[in-house]
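Shown next, in structure tokens, is the structure this report addresses.
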Amino acid sequence: METLSHAISPKLLLPHLSSNRRHGFPSSSSHHPLMSNSNSSRTVKATRVLAKVNSQSSEIDFSDPDWKYKFQKDFESRFNIPHITDYFDDAIPIPSTFCLKMRTPVLEDFAGGYPSDEEWHGYINNNDRVLLKTIHYSSPTSAGAECIDPDCTWVEQWVHRAGPREKIYFKPEDVKAAIVTCGGLCPGLNDVIRQIVITLEIYGVKKIVGIPYGYRGFSDKELAEMPLSRKVVQNIHLSGGSLLGVSRGGPTISEIVDSLEERGIDMLFVLGGNGTHAGANAIHNECRKRRLKVAVVGVPKTIDNDILLMDKTFGFDTAVEEAQRAINSAYIEAHSAYHGIGVVKLMGRSSGFIAMHASLASGQIDICLIPEVPFHLHGPHGVLRHLKYLIETKGSAVVCVAEGAGQNLLQKTNATDASGNVVFGDIGVYIQQETKKYFKEIGSTADVKYIDPTYMIRACRANASDGILCTVLGQNAVHGAFAGYSGITVGICNTHYVYLPIPEVISYPRLLDPNSRMWHRCLTSTGQPDFI
Ligand SMILES: Nc1ncnc2c1ncn2[C@@H]1O[C@H](COP(=O)(O)OP(=O)(O)OP(=O)(O)O)[C@@H](O)[C@H]1O
Ligand SMILES: O=P(O)(O)OC[C@H]1O[C@](O)(CO)[C@@H](O)[C@@H]1O
Ligand SMILES: [Mg+2]
């Protein structure tokens, strides 16, 4: 594999400053606990910094003059994307069959050589990289600052650029490609399926199938694979859901790979969230163990936007937009009622991105509650006391709550779904009940209307901006597979499209930073106090 020597050259590293308030350090740099001169304490405290910023990095001794170089070396190896040549020395590349100048369908076989056009400059060089972090924080107290070392040194962190390569590692006419969609629904699934099929056909792939109902489709003999072509997928993006169906739970990794072998699948495109990607990575590893030349490429799907390192995941924009209808209805109901209170529950199992963005976009929310920020319902600083204040001063109020918020207030059931995810109690219903009780107890009244639009939001078709995101991600997934990469996923980082090794994006769910400027903006918009 080609390496990126310039990205780790110490000569190109510039000394800059940054830090991170999320790590709970005091805002004054003179009291910064990392400003100690003791080497040992620097090493220990550095670990605290890295625990958040780079969970998989080993301890770094910042007194080592080469620490930056070593950090970048480590980063480069963590973000290296597995390639077929890592395992198959004999894999021979051929010129790409993907060329925009070749616009007419190829009717004949490729016996006479592959169509290529040396004049076309649409290919990505394997050494192209995208900068993962783009802000140069000049002070440890800069809002949202992220740092690696105590001095917040500027360290370039490069990841692989996505897109079509000039050389490909699969002969399109021999390829059987499969697509599977797992987990819950998400706007845009059909757009991604459509683009994968169309792009595979442009490369010249003839055998494309859909695996029905998620990973379950690999083991359930009653479920036949679905032949896919441009004709089949042409209009599927016009409706929500997944043409292929989705499911949670399903067969073991070994059973899935047995099925891949039986079906003769060379490329597997896996659309799903954290769980699905954990599965995709395990499938990739099992294929390597069995020496199967299969490219496994993920496309992150989650309206929750909880995948690490990406600007956003497809479906998120649509979810935020669709949530506006529910929020507006709650607002109108609350505003038109005597002592009206609207409660809207939005999705967000561990992160409150949808709730925060939907609240910000609407400008109609008085209280936004998210999983990352604990709150009390009762007591002098609780949500209910603030609702009383809002009713007294404004006459009505609207609450937006993420499904994962305040779970500590609800009774635990220990129930899990087929994938092992904990089944949550309904925080929206709880807030509605407690609000009614509270106003009764204080001798007042509240007309509480609870709206749960979650499945209506998730079942929507993608909006225009998600449609474009899906298009690019779907195309890049196919380019990644043909380029010979496996165990990777595609994403958008700082508006550029990248390939990332799966483990790096799923080591934990991405959470909203309560110290971020965005959450502060949300708080200024709602005007809510701390509920603790
Ligand atoms: N750690 C894991 N290893 C292998 N497979 C997994 C793992 N976790 C989940 N899966 C499988 O991945 C599929 C989807 O998982 P899950 O239901 O958690 O959805 P998800 O991909 O996280 O999407 P969503 O965002 O909708 O929750 C299931 O079929 C499940 O069995
Ligand atoms: O009801 P289901 O299908 O299990 O999905 C619910 C889950 O899906 C998600 O939207 C993720 O896709 C979570 O926010 C939510 O907990
Ligand atoms: Mg999940």
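Once segment 253-293 is narrowed to residues that are more than 16 Å from ligand 3 (Cβ to nearest atom) and in contact with a strand residue (DSSP E or B) (Cβ under 6 Å, 6 or more places away or on another chain), the residue that is farthest from Ile488 (Cα to Cα) is Gly264.
Identification of helices (runs of 4 or more DSSP H) wholly contained in segment 227-341 with 3 or more residues that are outside the structural domain of Leu473 (by the TED database) and more than 10 Å from ligand 1 (Cβ to nearest atom) yields 316-336. Does Met356 count as in contact with a helix residue (DSSP H, G or I) (Cβ under 8 Å, 6 or more places away or on another chain), closer than 21 Å to Tyr455 by Cα, of a type in the set (A, V, I, L, M) and buried (at least 22 other Cβ atoms within 10 Å of the Cβ)? Criteria met by Met356.
Residue check: is Gly184 closer than 26 Å to Ala464 by Cα and buried (at least 19 other Cβ atoms within 10 Å of the Cβ)? Taking the combined requirement at face value, the residue satisfies it. Just so you know, in segment 198-226 the residues that are assigned to a loop (DSSP other than H, G, I, E, B) and touching a strand residue (DSSP E or B) at 6+ places or on another chain (Cβ under 7 Å) include one that is farthest from Gly188 (Cα to Cα), and it is Val205.
Against the criterion of being in contact with a strand residue (DSSP E or B) (Cβ under 7 Å, 6 or more places away or on another chain) and of a type in the set (Lys, Arg), Lys388 does not qualify. Residues of segment 168-176 include none that is closer than 30 Å to Gly348 by Cα and among the β-branched types (Val, Ile, Thr).
Screening segment 429-532 for helices (runs of 4 or more DSSP H) wholly inside it with 2 or more residues that are out of contact with any helix residue (DSSP H, G or I) (no Cβ under 7 Å at 6 or more places or on another chain) and either within 28 Å of Gly183 (Cβ to Cβ) or within 16 Å of ligand 1 (Cβ to nearest atom) (or both) returns the ranges 454-458, 464-482. The condition (being within 18 Å of Val192 (Cβ to Cβ) and either surrounded by fewer than 22 Cβ atoms within 10 Å (Cβ to Cβ) or in contact with a helix residue (DSSP H, G or I) (Cβ under 8 Å, 6 or more places away or on another chain) (or both)) is satisfied by just one residue among Lys345, Lys293, Lys312: Lys312. Within segment 68-88, residues that are in a helix (DSSP H, G or I) reach partners that are of a type in the set (Phe, Trp, Tyr) with beta carbons closer than 7 Å, at six or more positions or on different chains, in the pairs Ile84/Tyr169.
Of all residues in segment 270-295, those that are closer than 19 Å to Gly249 by Cα and of a type outside the set (Asp, Glu) total 15. Selection of segment 418-455 for residues being surrounded by fewer than 16 Cβ atoms within 10 Å (Cβ to Cβ), of a type in the set (Val, Ile, Thr) and within 16 Å of ligand 3 (Cβ to nearest atom) yields Val422, Val423. Within segment 299-317, the set of residues being near ligand 2 (Cβ under 10 Å from one of its atoms) and in contact with a Gly (Cβ under 6 Å, 6 or more places away or on another chain) comprises Lys301, Thr302, Ile303, Asp304, Gly315. Looking at Asn515, Asn463 in this structure, which one is modelled with pLDDT under 95 and either over 12 Å from Leu309 (Cα atoms) or buried (at least 16 other Cβ atoms within 10 Å of the Cβ) (or both)? Being modelled with pLDDT under 95 and either over 12 Å from Leu309 (Cα atoms) or buried (at least 16 other Cβ atoms within 10 Å of the Cβ) (or both) holds for just one of Asn515, Asn463, which is Asn515.
Does segment 171-193 contain at least one residue that is without any contact (Cβ under 8 Å) to a residue 60 or more places away in the chain and hydroxyl-bearing (Ser, Thr, Tyr)? Within segment 171-193, not a single residue is without any contact (Cβ under 8 Å) to a residue 60 or more places away in the chain and hydroxyl-bearing (Ser, Thr, Tyr).
Of Arg248, Arg263, all but one fail to be charged (D, E, K, R), within 16 Å of ligand 2 (Cβ to nearest atom) and touching an Asp or Glu at 6+ places or on another chain (Cβ under 8 Å); the exception is Arg248.
Just one of the numbered conditions (1) more than 16 Å from ligand 3 (Cβ to nearest atom); (2) at pLDDT 95 or above is not true of Gln411: (2). Could you grab me the full set of residues in segment 167-184 that are outside any strand (DSSP E or B) and farther than 20 Å from Asp90 by Cβ? Within segment 167-184, Cys182, Gly183, Gly184 meet the criteria.
Yes/no per residue for (1) among the small types (Gly, Ala, Ser); (2) free of Cβ contacts under 8 Å to residues at least 60 places away in the same chain:
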{"site": "Gly264", "(1), (2)": "yes, no"}
{"site": "Thr318", "(1), (2)": "no, no"}
{"site": "Asn328", "(1), (2)": "no, yes"}
{"site": "Ile332", "(1), (2)": "no, yes"}
{"site": "Lys345", "(1), (2)": "no, no"}
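Of all residues in segment 366-388, none satisfies being farther than 21 Å from Ala323 by Cβ, of a type in the set (Phe, Trp, Tyr) and surrounded by 13 or more Cβ atoms within 10 Å (Cβ to Cβ).
The values are calculated or read from the model by the stated rules, or taken from the named source; none is laboratory data. Note that the structure is a prediction, hence the values are computed from the model and not measured. Glycine gets a Cβ as well: all are built from the backbone with ideal geometry, and neighbour counts include every protein chain shown.
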